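A short worksheet on the structure shown next.
The values are calculated or read from the model by the stated rules, or taken from the named source; none is laboratory data. The structure displayed is predicted, hence computed values, not measured ones. Here the Cβ positions follow ideal geometry from the backbone for every residue, glycine too, while neighbour counts run over all protein chains shown.
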Amino acid sequence: MWDREGRAFSMYKRMPSRDHSAVFDVEENSALSQKNMDVQTTDPSWWLSFPHVVVSTLASFLFGYHLGVVNEPLESISLDLNFSGNTLAEGLVVSTCLGGALIGCLFSGWIADGVGRRRAFQLCALPMIIGASLSATTKTLAGMLIGRFLVGTGMGLGPSVVALYVTEVSPASVRGTYGSFIQIASCLGLMGALFIGIPIKGIVGWWRICFWVSTIPAGFLAFAMIFCAESPHWLYKQGRSAEAEAEFERLLGGSHVKFAMAELTKLDRGDEADTVKLSELLYGRHFRVVYIGSILFALQQLSGINAVFYFSSSVFKSAGVPSDVANVLIGVANLLGSIIAMLLMDKLGRKMLLLWSFFGMAISMLLQVAAANTYVSGFASLYLSVGGMLMFVFTFALGAGPVPSLLLPEIFPSRIRAEAVAFCMSVYWVFNFFVGLLFLGINSRLSYGDTECSHETASNDVIRCAFLYADSGFSMAECKI
């Protein structure tokens, strides 16, 4: 009896201790939650992650540069390598790069998940250096095509990885702004290629310099990535939580590490660690999101925007505008639209910019329709056509350009993010490949032949040709009138 009472008394004495401990735990957790809430309401400093994002966007710069590097020099390349007048060979110089990009893009998700984001950037830079060097030194069409293919594999790997990296290392408060850096870097790369190509007619063999120049930013990207932070999301996914915390401290600051890790744990809860299969992307529970992303990239390319970037020199030359002036106008319109998108991305949201961007592109096509009207005079149709194209590029850069690559990494769960982004961007490269390959051939088949005519008739024919291409999903190119 006394033994039972003694045990009961002992239990009674320990009860307050447990209650006090429980109360202490609740208070401690409550204080921690409140602290996390305070951290959440105070945005991390943007400048900590800024250098890492800037270095990563060099991949986008190289992407834009290699998209436009053959725009102006294509004629000189064809003359020096003895395939002038062969539209199929000229198309291959463009599309072989895009075919390589498709290969690189298909494997980019598995590479980024296998070796990490930083090493994936370095692997992206390596074929760009080798391929550009081969293209710059070759004396045959075959050498040029091999070099372009190698460059393309790096181009395909780069955009997928940079989209993942920027999303995973950026504070949520400036993620949209940083995402716009991707588009701005592509614009600057494209403008750089167009400006580098300006002396092409005055200096023999200048097109080789155009390829050599691209090895400089590629080499810097590979070197600078040694000092950049690895993606904390990737480290956490590999079970390296301590390293993920250290990288969060570099990117966000020490006071935000606990909240960032808590959010990361919540986002990854329930994700299995097994390998993602292609069938899961096509038929799994996330297949609707994958299809939406693929359609966004398909519509982006069917608009004909990259046909403008590849062949803008020929386009404006047909309309009587000097190619160097045309390249400047295209580059300025693209850059201006990208800067405005950067300022509005986190204020208006992704969906709003995307809707207004496609609406503006449709309006620009209506200007092309007006320019093709036979009742419009030659100069009026010329201004409407050139103005419509510049408006098309500008409105594209407002939303249809930057939003898809930023939106998709945000909406995919962490487990399938890299593979799903790679799959969606491979759709981009498929459509891009066929635009580059078939555009010049379609143009030559639909041309009106080499006949002499008045300036007014020639202008109307050029614009009518441009409208036909734009309506079929391509864009303007040089019409033989």
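The set of residues from the range 207-237 being loosely packed, with under 14 Cβ neighbours inside 10 Å and either part of a loop (DSSP other than H, G, I, E, B) or modelled with pLDDT under 95 (or both) comprises 226, 227. Does any residue of the range 323-346 turn out to be at pLDDT below 85, polar (S, T, N, Q) and either touching a helix residue (DSSP H, G or I) at 6+ places or on another chain (Cβ under 7 Å) or surrounded by fewer than 18 Cβ atoms within 10 Å (Cβ to Cβ) (or both)? Checked the range 323-346: at least one residue is at pLDDT below 85, polar (S, T, N, Q) and either touching a helix residue (DSSP H, G or I) at 6+ places or on another chain (Cβ under 7 Å) or surrounded by fewer than 18 Cβ atoms within 10 Å (Cβ to Cβ) (or both).
Please tell me if residue 128 is under 19 Å from the mean Cα position of the chain (by Cα) and touching a residue at least 60 places away in the same chain (Cβ under 8 Å).
On the way: under 19 Å from the mean Cα position of the chain (by Cα): yes; touching a residue at least 60 places away in the same chain (Cβ under 8 Å): yes.
So residue 128 fits the description; yes.
The numbered conditions (1) modelled with pLDDT of 90 or more; (2) closer than 19 Å to residue 225 by Cα are all true for residue 178 except (1). Can you find a residue that is touching a Pro at 6+ places or on another chain (Cβ under 6 Å), in contact (Cβ under 8 Å) with a residue 12 or more places away in the chain and either loosely packed, with under 15 Cβ neighbours inside 10 Å or in a loop (DSSP other than H, G, I, E, B) (or both) anywhere in the range 192-206? Checking the range 192-206: at least one residue is touching a Pro at 6+ places or on another chain (Cβ under 6 Å), in contact (Cβ under 8 Å) with a residue 12 or more places away in the chain and either loosely packed, with under 15 Cβ neighbours inside 10 Å or in a loop (DSSP other than H, G, I, E, B) (or both). Screening the range 409-423 for residues that are in contact with a Ser or Thr (Cβ under 9 Å, 6 or more places away or on another chain) and of a type in the set (A, V, I, L, M) and picking the one that is farthest from residue 120 (Cα to Cα) gives 421.
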